[in-house]
Structures are given as C-alpha cells and as structure tokens.
Amino acid sequence: MGKVTIRDISDEAGVSIATVSRVFHKKNVSQDAVSRVHDAAKRLGYSIPDYTASRPRLIAVIVPRLSNPFYNDILDGIQDTAVRNSYNVIISQSKSEMGFSAAPPPFLAGGIVDGLITLEHSDNLKSLLAMVDPELSIVQCCEYDENLPYPYVSIDNYKAAYNAVTYLESTGRKRIALLNSTTHSLYGKKREEGYADAVRDLGLPLERDLVYHLNTIDLTVGYSAALSLLSQDNRPDAIFTVSDIYAVAVTRAARKLELSVPQDVAVVGFDNIEMAAMNEPPLTTIHQPRYEIGAVACNTLLGMIKKRPQMSKELLLESEIVVRSST
C-alpha cells in the first residue's frame with residue numbers, strides 16, 4: 001500500500017475527514033470517534049503526529065462589518081482576554097446585513113481553531129452555524145438566538161430602549177420617533193419592541209411615519225432618513241436612534257434644517273461610542289459595557305474549551321443612560 005492519507009483513515013474509520021482532523025488535533029469529539037480513528041490508523045500502520053505541540057492556540061471571531069465602530073471595544077475585550085490566556089485571535093467579517101449565504105471562513109473547518117465567538121446578526125446565525133463543525137465550542141456575543149444550544153453574552157436591548165423612551169417623555173417630549181436599522185438583527189427587533197411598548201404605556205402616539213427602518217449602520221443613510229423625519233409637517237420633538245451613528249446624523253440634519261438640538265428636537269443614541277461625546281452637541285446615549293461584553297464572551301469560550309462547568313447560558317450585562325446636551 002502507498003502512503004496513507006487522512007482520507008484513507010476517514011474511509012477506514014467510517015467518519016468524516018473533519019472528524020479525523022479533530023481527533024488528530026485533540027479537539028472535542030466523542031470517545032467513540034477517537035477510538036475508531038486510532039484503531040483505523042493502527043490497522044493502516046499510520047503513526048498519528050502530535051499536532052498540539054506546535055499548533056498555536058486560536059479562537060475565531062465573526063463580525064458583520066468591521067467599519068462599524070461599535071465593534072472596536074468588543075474586539076479589544078476579546079483580544080486582550082485571549083492574549084492573557086495565551087490564545088491568538090482570527091477576525092473575519094461576514095458583510096451579511098441582508099442575509100447569510102456565503103460559505104464560512106475555511107479556518108472554521110478541520111480543527112484549525114479551538115473555538116468561535118460570533119457577533120453575526122440573529123437571523124443569520126442558524127445558517128452560519130449549520131456550516132460549522134458542531135463539535136466546535138461557540139459563544140454568541142451581542143446578537144443571539146435563544147433556541148440555539150450555545151451561551152450568549154449581551155445586554156437587555158428591550159429594557160434599554162424602553163428606558164430611553166421613558167426618559168425622553170420625562171423631559172416633556174410627546175412625539176418620539178424611532179430611527180432603526182435592519183430587523184435582521186436581534187437588537188433591531190428588541191429595541192423596536194421596547195420603543196413601541198414604552199410609547200403605548202406612556203399614552204403617546206405610535207404612528208407608522210415616526211418609525212424608519214434602514215438597511216445598514218451608515219452616517220449618510222442615517223442623514224437622509226433624519227432629513228425626511230424632520231421635514232414632516234408634524235415633525236417629532238424627539239428621536240430615539242438604535243445607533244450613535246444615526247444620532248450624529250440626526251444632529252447634522254437638524255443643523256441643515258436650522259433646527260436646534262435639543263430645543264426643537266431631542267436626540268438619544270445607543271452604544272456610547274467615542275463619537276457620541278465628541279459630537280456637537282454631545283449625545284445622550286445608552287452606554288453598553290462593550291469591552292466587558294467582549295471579555296466575558298472570551299472568558300466563557302475559554303471555559304468551554306477547557307471544559308469548565310458553565311454557570312449560565314444567558315449572560316446579560318447592565319446598560320445605562322448617559323445624559324448629555326442633546327436632550
């Protein structure tokens with residue numbers, strides 16, 4: 001017989017090539033699979049090399065779009081935590097705002113990485129994870145699907161949005177609009193639910209022309225939508241946005257229309273990115289502990305890789321309103 005290949009062992013053991021690779025790299029596979037692969041290798045006279053001696057310890061992160069500054073602190077939290085634990089990080093962007101159809105990055109197959117943190121939009125998670133080795137340790141970060149068997153780290157988006165609208169009403173605002181992004185995302189769905197419930201509970205008008213949906217987090221797109229909102233005959237006296245980028249766009253549109261913020265229109269953003277404090281006027285916003293979210297997600301993943309017991313599948317960190325001049 002010629003040189004034995006990994007495909008030969010796969011055929012002999014009756015398992016996939018990916019499973020053989022995971023056994024070779026000492027990844028999470030069943031004991032039955034380990035026994036079958038080792039027995040097949042022995043029958044074929046193949047000596048299994050020790051890949052773990054030289055292979056770097058890697059975790060992967062999938063993010064929808066790196067140009068969104070929201071992800072910066074989260075990625076810092078992940079990377080700092082990984083490095084402290086002697087892991088390296090591979091970051092890949094999916095660019096999948098409108099749906100996930102592409103194949104996953106090749107490094108997610110064959111035992112190359114030890115685990116995955118996904119920030120992918122909730123509507124795309126099942127499609128993405130169906131293409132990933134089911135034995136891989138996975139943590140959902142920010143975006144999550146409660147029906148998937150993986151832990152998630154995020155905030156309570158519904159509660160944060162509800163509190164933002166309630167705060168705006170407490171300042172005397174009665175026509176509160178929503179500038180939302182795509183509802184392919186969990187945050188878009190939950191923040192709109194929180195907005196709508198707060199408006200109803202406060203006895204304020206919930207009107208279709210006060211709610212805008214945009215397909216991407218982008219300053220130019222947000223600016224066009226804000227111009228439309230603020231040009232209405234019965235314009236809103238407050239706008240709650242699901243992103244600080246949108247909130248910046250609203251303040252620029254107001255300036256273009258010679259409206260004063262907050263006298264004519266109050267503005268609340270979301271995320272408390274660096275841009276929020278630097279804007280003119282500085283933005284009232286919902287602060288997410290983004291660095292901590294990344295760090296907790298990474299620690300959770302490392303615990304799974306090391307087979308430590310999980311305390312909880314759901315890890316929701318606290319958010320808070322940061323009040324600045326835009327309200």
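The values are calculated or read from the model by the stated rules, or taken from the named source; none is laboratory data. Bear in mind the structure is a predicted one, so any value in this text is a computation, not a measurement. Using ideal geometry, Cβ is built from the backbone for each residue, glycine included, and neighbour counts are taken over all protein chains shown.
Where residues in the range 122-146 are of a type in the set (A, V, I, L, M, F, W, C) and touching a helix residue (DSSP H, G or I) at 6+ places or on another chain (Cβ under 6 Å), which of them is modelled with the lowest pLDDT? Of everything passing the filter in the range 122-146, Val132 is modelled with the lowest pLDDT.
Can you tell me which of (1) within 25 Å of Lys307 (Cβ to Cβ); (2) surrounded by fewer than 15 Cβ atoms within 10 Å (Cβ to Cβ); (3) of a type in the set (A, V, I, L, M, F, W, C); (4) modelled with pLDDT under 85 is the one Val83 doesn't meet? Here Val83 meets the rest and fails (4).
Are there any helices (runs of 4 or more DSSP H) wholly within the range 107-212 with 3 or more residues that are free of Cβ contacts under 8 Å to residues at least 40 places away in the same chain and among the polar types (S, T, N, Q), and if so which? Walk me through how you get there before you give the answer.
Values: elements: 122-129, 157-170, 186-201.
Per the criteria, 157-170.
Just wondering, is there one or more residues in the range 278-288 that are part of a helix (DSSP H, G or I) and in the same structural domain as Val268 (by TED's automatic domain parsing)? For the range 278-288, residues part of a helix (DSSP H, G or I) and in the same structural domain as Val268 (by TED's automatic domain parsing): present.
Looking across the range 4-45, the residues that are touching a Phe, Trp or Tyr at 6+ places or on another chain (Cβ under 9 Å), farther than 13 Å from Asp133 by Cβ and in contact (Cβ under 8 Å) with a residue 40 or more places away in the chain come down to Val4, Phe24.
Output the number of residues of the range 290-314 satisfying the condition of being closer than 14 Å to Thr81 by Cβ and either of a type outside the set (D, E, K, R) or over 14 Å from the mean Cα position of the chain (by Cα) (or both).
Here is the first cut: in the range 290-314, the residues closer than 14 Å to Thr81 by Cβ are 290-306.
Within this subset, residues satisfying the condition of being either of a type outside the set (D, E, K, R) or over 14 Å from the mean Cα position of the chain (by Cα) (or both) are 291, 293-306.
Qualifying residue count for the region: 15.
Scanning the range 269-283 for residues that are surrounded by 15 or more Cβ atoms within 10 Å (Cβ to Cβ) and within 21 Å of the chain's Cα centre (by Cα) gives Gly269, Phe270, Asp271, Asn272, Ile273, Met275, Ala276. Among the criteria (1) farther than 18 Å from Ile176 by Cα; (2) among the aliphatic types (A, V, I, L, M); (3) surrounded by 22 or more Cβ atoms within 10 Å (Cβ to Cβ); (4) in contact with a Gly (Cβ under 9 Å, 6 or more places away or on another chain), the one Val296 does not fulfil is (3).
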